[in-house]
Amino acid sequence: FEEEGLPPLDPRLIDFLSIFFKVRNDQGLTALDKRTFDDFQRYAAETTADISAILIPSDLHDRQMKAVSTDLELTDVCTLLELPDLYAAIFADNEDAVYGEKFFIYTTFSESQADINPVSPAGFRLIIDDLFHLLSAGDLAMMRMDAIKYLWKEIGKKNFDMEEGNRLIEVIRILLELALPEMIPLDEINSPDAVVYDMAKDGGFAYLFGQVNSVPAAFNSGTLGPIERFYSMMKQRCPENLVLFVMLSTHDGRSVQGLGVDRTDGHVTFGQFDDLQQVISARGGRVKYRSVSKGTIPFDTFSKVCGEIDITENALDVLFTRNGGSMTLNSKFESEDSLIKSAAEAAGIRTSEAMKHPALRFMARWLVEGKAPYELCCTSRDAFDEKKSDGLALSPVEEARRLALAQVYVLTFGQTVPAIYFNDLLGLENDIESLEAGGKPRDLNRHKSSVQEIEERLRSDEFTREYVPLINRILSTRAGDPAFYPGSSSFEFQAL
């Protein structure tokens, strides 16, 4: 700064500008970063600098702030802080010294979990070494191949279901067969059901996620539609030699499928999903979003939106251009409302009705904000409405019987492997305390019960006393009937 004839900056401001890109990118901050951030806020208070235009709440981290948008540059910050732009230029000229050399890390699932790069020899060896370490651990009956389709990714390309990754999966399967032929690999592919069926056309074992939302959506909306659509697709599309793991809940929450995750399966309408989301939010649950490309939406999702608002796909031609499997906006919109108004005008529907339509709201948030729901974080119990259709609250006994019935729907779909999440054995409610302590929405469904706590629930909690014997009876009845065993016969149980 002195070389350019500039006065020195307050150290608290220098430290903040030195982590500016971490804050702007909404990365997880270290303890030191957070102290730096707090010091910057104190600096602003002392100097009466207006930082309201710089910072907004984080999308990803509770009690953390971030820059207004990824469009905000250091020069903009200097302007807002009434500093000469030359300060920003000096930071830019010394970027590597201040911020460190740039390199890229894939963090597909969280900012604290870095992915191994199988493209590099070291990364490939690390994966294979890990694999053989697991195989040498003992007699394994089954190995869960968690998120296996994210194995291969390249900058500038998609990070899921890459052909190179599929070839590497084949290599891994050959190694598994050579090293431990009696072990069964279980694919965990969090994709729409139609995609799982297509990927698993050669058979094997795979998780299915469509029922995780379709069952509570059916109960909450008072219609069998979501379950019927899920069941119909399973009967039509599931390969004969594919054995499915089905469950009402996972430890991650209620994965959002069938709403336009590149390929829709259509079990749940946008309206039913919106109702489900409102029920979950009312009971303390949280919605997690994933980033999507602003201004562009997959054609099948666009088509589903048009179907639900009852217009033809070409009714919005004035707003979009089709590029292969995607629809791209012809111009930029500043807000969701402005896009919805333009869509209503193009389609010839009332603006007041369009504003309330969940399908249009979903599409507008995708296109304008670059956000799509990825996961609804809550327990199975708190995915269901607390009230009956007449508005009266359910009694604990009624609530227990309803959740048990929902489990019956899932666990008797046919010759599948019934997978039940441990906390669903107790029918736990959202763990609000853990969410507030750790700030992670998934903690709502990850309560760790002590034996004493479980025993106390069985003694004194009306819901638990009713629910636990019911779920035990359902599981033992199903397990004791060989007709449910995969491959035993052409038996079909009509849960509907």
(request) Along Cα→Cβ, 7 Å out, is where each label goes; now give me the distance between the ones at GLU455 and SER136 in nm to one decimal. (result) 4.2 nm
(request) Provide the per residue accessible area, probe 1.4 Å, for the chain, rounded to a whole number of square angstrom. (result) 51 Å²
(request) For VAL408, VAL196, write out the residues from largest to smallest accessible area, computed with a 1.4 angstrom probe and no ligands counted. (result) VAL408, VAL196
(request) Taking the Cα centre of the chain as origin, work out the dipole magnitude from +1 charges on Lys and Arg Cβ and -1 charges on Asp and Glu Cβ, in debye rounded to 20. (result) 1540 debye
(message) Using alpha carbons only, how many angstrom separate the centre of the range 16-44 from the centre of the range 145-194?
(response) 38 Å
(message) Please list SER380, SER293 from largest to smallest accessible area, probe radius 1.4 Å, with all protein chains kept in place.
(response) SER293, SER380
(message) Between VAL171 and LEU60, what's the calculated FRET efficiency when r is the beta-carbon distance and R0 is 30 Å? Round to 0.05.
(response) 0.30
(request) Mind jotting down a quarter of the surface of the convex hull over the alpha carbons of the range 151-235, in square nanometres, one decimal? (result) 7.5 nm²
(request) Read phi for every residue in the range 117-125 and hand back ³J(HN,Hα) as whole Hz from Karplus 6.51 cos²θ - 1.76 cosθ + 1.60, θ = phi - 60°, with x for Gly and Pro. (result) 9, x, 5, 7, x, 5, x, 4, 4
(request) Answer with a single label: of (i) 24.3; (ii) 29.0; (iii) 34.1, which was calculated as mean projected area of the Cα convex hull in nm² from the structure in view? (result) (ii)
(message) Can you tell me, using C-alpha contacts under 8 Å and at least 6 residues apart, the relative contact order of the chain as a whole percent?
(response) 11 percent
(request) When you have a sec, figure out the Kirkwood radius of the range 4-139 from all distinct Cα pair distances and drop it here in Å to one decimal? (result) 17.5 Å
(message) I need to check one value: relative contact order of the range 142-186, counting alpha carbon pairs closer than 8 Å and at least 6 residues apart, in percent.
(response) 46 percent
(message) Ignoring ligands, DNA and RNA, please state the percent of accessible area on the range 142-210 from carbon and sulfur, probe 1.4 Å.
(response) 54 percent
(request) Kindly provide the helix-only [θ] at 222 nm of the chain, computed as the sum of -39,500 (n - 2.57) over DSSP H runs of four or more divided by all residues, to the nearest 500 deg cm²/dmol? (result) -13000 deg cm²/dmol
(message) Keeping all protein chains in place and using 1.4 angstrom, which order do LYS371, LYS102 fall into by accessible surface area, from largest down?
(response) LYS102, LYS371
(message) Considering the Cα positions of the range 341-496, please state its Rg to one decimal place and its Dmax as a whole number of Å.
(response) 20.8, 62
(message) Using protein chains only and a probe of 1.4 angstrom, how many square angstrom of ASP161 are accessible, to the nearest 10?
(response) 30 Å²
(message) Could you give me D for the range 7-56, from Stokes-Einstein at 37 °C and 0.692 mPa s, where the hydrodynamic radius is the Kirkwood radius over C-alpha pairs? Units µm² s⁻¹, please.
(response) 291 µm²/s
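The values are calculated or read from the model by the stated rules, or taken from the named source; none is laboratory data. Computed from a predicted structure; not experimentally measured. Positions of Cβ are backbone-derived with ideal geometry, glycine not excepted, and every protein chain shown enters the neighbour counts. Just the protein is used for accessible areas: all its heavy atoms, side chains included, with ligands, DNA and RNA removed. Shrake-Rupley method; radii C 1.70, N 1.55, O 1.52, S 1.80 Å.
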